[in-house]
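Everything below concerns the one structure shown next.
The values are calculated or read from the model by the stated rules, or taken from the named source; none is laboratory data. No experiment lies behind these values; they were computed from the predicted model shown. Cβ sites come from the backbone with ideal geometry, for glycine too, and all protein chains shown count toward neighbours.
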Amino acid sequence: MEDPNPKVKGRGIYLPKQAGLAVDVGCMEQEAAYLNEMYLPWIRTVRPFVTLKAAMILERKVLCRTGRREG
């Protein structure tokens, strides 16, 4: 897939072609998008891809760094 970063401006395709390499664009684009799922939203929206991981104890409360229960 073509890099959506405007700073790249197609050089990822252009430079290998200039070196005489065969370049195919668009084949396996869905797989490439999946591999870059954290990068693509950031470059398109300037917002980071965020994953939240939380652990809760059995009473459905979150522990603070100090060990106190909150919630």
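Data for the structure
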| quantity | calculated |
| --- | --- |
| Count - residues of region 1-25 that are part of a loop (DSSP other than H, G, I, E, B) and either touching a residue at least 40 places away in the same chain (Cβ under 8 Å) or of a type outside the set (Val, Ile, Thr) (or both) | 14 |
| Near pairs, Cβ below 9 angstrom, 6+ apart or cross-chain, from region 38-51 (modelled with pLDDT under 85) to any residue that is acidic (Asp, Glu) and outside any loop (DSSP other than H, G, I, E, B) | none |
